[in-house]
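Structure first, commentary second.
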Amino acid sequence: MISEQISVVIPTRNRPNLVCKAVESALAQTFKELEVIVVIDGPDEATEDALGQITDPRVRILPLPENVGGSDARNAGVRAARYDWVAFLDDDDEWLPEKLMKQINLAVNLHNPFPVMSCLSIVRTPGGDLTWPKRFPQPSEQISEYLCVRNSFYQGDTKLITSSLLIKKLLLERVPFRSGMKKYQEFDWALRAAQVEGVSFQFVPEPLYIYYAEQQRKAVSSQYDWKYFLHWLRENRNLFTTKAYAGYVATDLSAQAAQQGQWEAFVPLLRELFKFGVPRSFDLLLFMGMWFIPMDARHKIRNFFKKNKEIH
């Protein structure tokens with residue numbers, strides 16, 4: 001018999017219909033010993049009114065007086081949490097009914113002081129459903145290399161998405177989300193949490209939530225210059241292995257700069273690959289692909305190889 005209890009934290013802003021669906025998916029969990037804390041990130045009367053229609057006593061609404069961003073909204077939810085475990089759900093995602101039950105069943109049987117629980121996701125796109133990630137971390141694999149070093153051309157080879165996470169509140173108090181972080185909030189958190197003794201990353205090998213790719217906010221990469229993320233990368237270089245550093249520059253940073261048409265970034269980022277990283281031949285291939293193969297063409301190439309793989 002599991003005696004654990006879970007606080008669910010859902011940050012939201014100006015999306016009343018979506019957040020209500022997310023809340024409903026949390027309340028529909030087969031694991032019932034939970035509370036749902038909806039953090040409204042700044043004045044938002046429409047969302048408060050919509051959430052007010054939900055009568056389940058397990059729902060708590062936490063309106064913030066001003067907009068603070070996703071990281072600080074999640075931290076506010078953690079501070080308000082009453083239970084020892086915290087699960088995060090973005091307002092545009094939905095959990096499948098057994099998500100929390102399967103994660104907590106695995107977590108309580110582990111011997112690690114701070115297991116960070118994740119799972120597979122169903123990525124819903126106009127072209128059909130995908131399953132991410134394609135693989136899980138190896139026992140000896142550092143989390144920076146798992147998240148940054150790609151071994152295939154396929155997006156979603158490795159992933160750690162906020163809506164998949166179930167974490168002990170004590171760890172979140174020791175390692176809060178970085179205040180003001182505009183993107184990669186869970187990525188940044190995982191890199192810092194991995195420095196704490198006793199932290200391990202564990203995946204339930206089943207898809208337990210739905211990530212609606214077309215519902216996501218405008219890509220942050222179109223709003224923030226690649227230099228912002230290069231500055232963040234350099235400031236946190238100690239969290240990356242040299243292999244992971246090269247992988248991040250070759251894929252994430254290069255993809256952002258190329259998508260923005262920032263050709264002046266090509267040479268500096270190529271130099272960055274070798275200055276602080278140790279790139280593999282495949283990293284260089286990915287780097288060139290980000291710059292010289294348009295995104296639509298990359299999708300067609302990936303789909304071609306995927307179909308051939310399925311045929312064989």
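Of the residues LYS134, LYS99, LYS168, only one is among the charged types (D, E, K, R) and buried (at least 23 other Cβ atoms within 10 Å of the Cβ); which?
Answer to the check: LYS99.
Does SER179 satisfy the condition of being within 26 Å of ASP72 (Cα to Cα), surrounded by 15 or more Cβ atoms within 10 Å (Cβ to Cβ) and hydroxyl-bearing (Ser, Thr, Tyr)?
No.
With the condition kept exactly as written, say whether any residue in the range 126-133 is touching a residue at least 12 places away in the same chain (Cβ under 8 Å), in contact with a strand residue (DSSP E or B) (Cβ under 6 Å, 6 or more places away or on another chain) and not β-branched (Val, Ile, Thr).
Yes, the conditions are met somewhere in the range 126-133.
Is it the case that the range 232-252 has a residue that's without any contact (Cβ under 8 Å) to a residue 40 or more places away in the chain, buried (at least 21 other Cβ atoms within 10 Å of the Cβ) and over 18 Å from LEU191 (Cα atoms)?
Within the range 232-252, not a single residue is without any contact (Cβ under 8 Å) to a residue 40 or more places away in the chain, buried (at least 21 other Cβ atoms within 10 Å of the Cβ) and over 18 Å from LEU191 (Cα atoms).
Select the helices (runs of 4 or more DSSP H) contained entirely in the range 1-114, then report the ones holding at least 2 residues which are in contact with a Pro (Cβ under 6 Å, 6 or more places away or on another chain), of a type in the set (Lys, Arg) and in the same structural domain as GLU173 (by TED's automatic domain parsing).
So the answer is none; nothing clears 2.
With respect to GLY77, determine if the residue is on the phi > 0 side of the Ramachandran plot, modelled with pLDDT of 95 or more and either over 15 Å from the mean Cα position of the chain (by Cα) or hydrophobic (A, V, I, L, M, F, W, C) (or both).
So GLY77 fails the test.
Among the residues of the range 258-286, which ones are assigned to a helix (DSSP H, G or I) and more than 16 Å from THR242 (Cα to Cα)?
The answer is ALA258, GLN259, TRP263, GLU264, ALA265, PHE266, VAL267, PRO268, LEU285, LEU286.
Quick check: anything in the range 46-58 crowded, with 17+ Cβ neighbours inside 10 Å, touching a Leu at 6+ places or on another chain (Cβ under 7 Å) and either of a type in the set (D, E, K, R) or at pLDDT 95 or above (or both)?
no
Where residues in the range 80-127 are aromatic (Phe, Trp, Tyr) and within 16 Å of the chain's Cα centre (by Cα), which of them is nearest to ARG174 (Cα to Cα)?
PHE88
The values are calculated or read from the model by the stated rules, or taken from the named source; none is laboratory data. Predicted model only: the values in this text are computed from it and were never measured. Cβ coordinates were reconstructed from backbone atoms using ideal geometry, including for glycine residues, and neighbour counts include every protein chain displayed.
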